[in-house]
1. Within the accessible area of the protein assembly as shown, what % is carbon and sulfur when the probe is 1.4 Å and the other protein chains stay in place?
2. Taking all protein chains together and a probe of 1.4 Å, list A:49, A:100 from the most accessible to the least accessible.
3. List the relative contact order of chain B as a percent without decimals, with contacts defined as Cα pairs under 8 Å and 6+ residues apart.
4. Under unit Cβ charges (Lys, Arg +1; Asp, Glu -1), what dipole magnitude, rounded to 20 debye, does the protein assembly as shown have relative to its Cα centre?
5. Just to confirm my numbers, what's the Cα centroid distance between segment B:79-113 and segment A:41-113 in Å?
6. For a quick check of understanding: with a 1.4 angstrom probe and all protein chains in place, what accessible area in square angstrom does residue A:5 have, to the nearest ten?
7. Can you return the lysines within cross-link range of residue A:19? Criterion is Cα-Cα under 23 Å, with same-chain partners fewer than 8 residues away left out.
8. Can you check what the Kirkwood hydrodynamic radius comes to for chain A, Cα pairs only, in Å to one decimal?
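The values are calculated or read from the model by the stated rules, or taken from the named source; none is laboratory data. The shown structure was predicted, so the numbers you read here are calculated from the model rather than taken from an experiment. When we count neighbours, we look across all protein chains shown, and the Cβ atoms used for this are built from the backbone with ideal geometry, even at glycine. We work out accessible area using only protein heavy atoms, side chains counted, and drop any ligands, DNA or RNA first. Shrake-Rupley method; radii C 1.70, N 1.55, O 1.52, S 1.80 Å.
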Amino acid sequence: DTAVSQTPKYLVTQMGNDKSIKCEQNLGHDTMYWYKQDSKKFLKIMFSYNNKELIINETVPNRFSPKSPDKAHLNLHINSLELGDSAVYFCASNRKGGGYGYTFGSGTRLTVV
Amino acid sequence: GDSVTQMEGPVTLSEEAFLTINCTYTATGYPSLFWYVQYPGEGLQLLLKATKADDKGSNKGFEATYRKETTSFHLEKGSVQVSDSAVYFCALSETGANSKLTFGKGITLSVRP
């Protein structure tokens, strides 16, 4: 059973398109996150949701819009894709509180051409 | 704000060599500390963690001790294997509802036979 699953694993698209990445966790965790990993492997948080409520929004362009229909799902929609959006996007989840380990999905490699 | 500093890489070792990867942190409160590992083409896996001062996290022969006095969480392994080749990330998380993982830049370890 996959704990945190993301789809798709790879996404190649043209500039200006709109695309979505989906994430689901079956761990019963309260909080879900989106992280972006750039070409130098640096990981930076984008958003977090706790029980469908937006908690963290880290100066991400408005073109990025997360949506959490329930606490087991967190999707990321990106409008008007730009070359600089090319990266690996990781979904993660954890129990509320921060001291517990965070469980990550396997990532979505987005390439904008 | 919170930050994590890792030693510069990459690091190349021969099999069975001793490994130390330095990590220091800056935090306003009393964070939990983590080491994550990313094998080539894969997502992030929790390697070990420590939630309070003087705690030692250990897993798969790796160890790290939470040193509050030096604000450090150095990763060590007595004898590395080729299969340990990966990118290693030190990270911290403050406790609380707004918790998030703050990562260091990561370091690439290559172990040669």
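1. Working: 5180 of 10830 Å².
With neighbouring chains kept in place, the figure for the protein assembly as shown is 48 percent.
2. On the way: A:49 25, A:100 95 Å².
In descending accessible area the options line up as A:100, A:49.
3. Working: 294 pairs, mean separation 40.4, N = 113.
That works out to 36 percent.
4. Charge dipole, the protein assembly as shown, about its Cα centre: 280 debye, nearest 20.
5. 19
6. 40
7. A:9, A:36, A:41, A:44, A:52, A:67, A:71
8. Details: mean 1/r = 0.0715 Å⁻¹.
By the Kirkwood definition, the hydrodynamic radius is 14.0 Å.
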